[in-house]
Amino acid sequence: MKKVKALVLLSGGLDSILATKILKNQRIRITALSFKSYFFNEKQAQRAAKELRVPLRIIDFSKEHLKMVKKPKYGYGKNMNPCIDCHILMLKKAKEIMEGKKPFGKLRATKFHFVATGEVLGERPMSQNKKALDLIEKESSLRGYLLRPLSAKLLKPTIPEKLGLVDRNKLLDISGRSRKKQLELAKKFKLKDFPAPAGGCLLTDPEFSKRLRKLFEISPDCRRNDIELLKLGRHFSENTTKIVVGRNEDENGKIKKIAQKGDVLIEMENYSGPLTLVRNYQKTKVSKPILERAKKLTQYYSTKARNKKDVKFTQ
Ligand code: SF4
């Protein structure tokens, strides 16, 4: 019989690792697919693919993803995570690859029989309830070709199951938020190293989400550089201006590299301490009171200079 080929979305989290394992155990030939954006990278997926011994392809969809994050059709989760839209975007790409329509490295001419994910029915209240799973399948145009091995027995049989390409009896019926069954399976498969769910996505981080929400508010056309700045330092806002104070030498270096035309950089001349970046998103000159505040913050976050009266600044 011709080899059955599946394209599996692998984030590197436990669920997607288990989904891959379950299909691999049915002797299905797996190619893992992962994505990188400004908010998550491919590192976890690379580790998992190595451990699972499956080939991994990575798509950098940063720009397109940011555009979606700014205005998700189906809204955000608990933080700034637009998980439904994010899944749809990934699965649309997966569909193009499955059909062999999109040039894809060495896989140019390869077609896959179906796409699989590690989604679990009811695990996440917003993006993995029955309605959301149906919606994701419909919007990604993968009707019938999207298999969720961990919850398959609770969902309608997919085309590869109906055709006998996948043995439905060997798929699972996991649902709900408890991770008990997944952890038992991880033990059974002797998996040791797996990250927490959604652990690699900054959009699920409350503190980062707060910063991002503010950035979208004051700079709707923000780009990569602005997002990268959100990952660094302590942040203070003054209307449309942001003050970012480096927390250590490494961050000071990164802040310096990220600075662009119009930004003001402040540091102390006679004491060691943070490098502070001031960025006005209205692209006008930074006002004097804001510069004074930035200097005070720079001094405050230097243990050596905090109570000194002779601090000199360069800007
Ligand atoms: S947690 Fe992040 S990467 Fe995962 S679906 Fe949600 S937005 Fe996308």
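Summary of computed values
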read-out	value
Residue within the range 11-28 that is buried (at least 19 other Cβ atoms within 10 Å of the Cβ), outside any helix (DSSP H, G or I) and away from the ligand (no atom under 15 Å from the Cβ) present	yes
Whichever residue in the range 38-62 is assigned to a helix (DSSP H, G or I) and under 13 Å from the mean Cα position of the chain (by Cα) and, among such residues, is surrounded by the most Cβ atoms within 10 Å (Cβ to Cβ)	45
Selection from the range 231-251 of residues that are open to solvent by 10 Å² or more (accessible area, probe 1.4 Å), closer than 18 Å to residue 266 by Cβ and either among the hydrophobic types (A, V, I, L, M, F, W, C) or within 16 Å of the ligand (Cβ to nearest atom) (or both)	232, 236
Verdict on residue 37 being in the same structural domain as residue 186 (by TED's automatic domain parsing), of a type in the set (S, T, N, Q) and out of contact with any His (no Cβ under 6 Å at 6 or more places or on another chain)	no
Residues of the range 109-122 that turn out to be assigned to a loop (DSSP other than H, G, I, E, B) and away from the ligand (no atom under 12 Å from the Cβ), as a count	7
Flag for residue 266 being buried (at least 20 other Cβ atoms within 10 Å of the Cβ) and in a strand (DSSP E or B)	yes
Of all residues making up the range 189-230, the number that are within 15 Å of the ligand (Cβ to nearest atom), under 26 Å from residue 275 (Cα atoms) and open to solvent by 70 Å² or more (accessible area, probe 1.4 Å)	2
Flag if residue 54 is in contact with a strand residue (DSSP E or B) (Cβ under 6 Å, 6 or more places away or on another chain), modelled with pLDDT of 95 or more and not basic (Lys, Arg)	yes
Close pairs from the range 1-20: first acidic (Asp, Glu), partner more than 15 Å from the ligand (Cβ to nearest atom) and not in a strand (DSSP E or B), Cβ under 8 Å, at least 6 apart	15/150; 15/182
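The values are calculated or read from the model by the stated rules, or taken from the named source; none is laboratory data. Remember, predicted model here, so these are calculated numbers, not experimental data. Note that each Cβ is placed from the backbone with ideal geometry, even for glycine, and that neighbours are counted across all protein chains shown. These area figures cover heavy atoms from the full protein model, side chains too; ligands, DNA and RNA do not enter into them. Shrake-Rupley method; radii C 1.70, N 1.55, O 1.52, S 1.80 Å.
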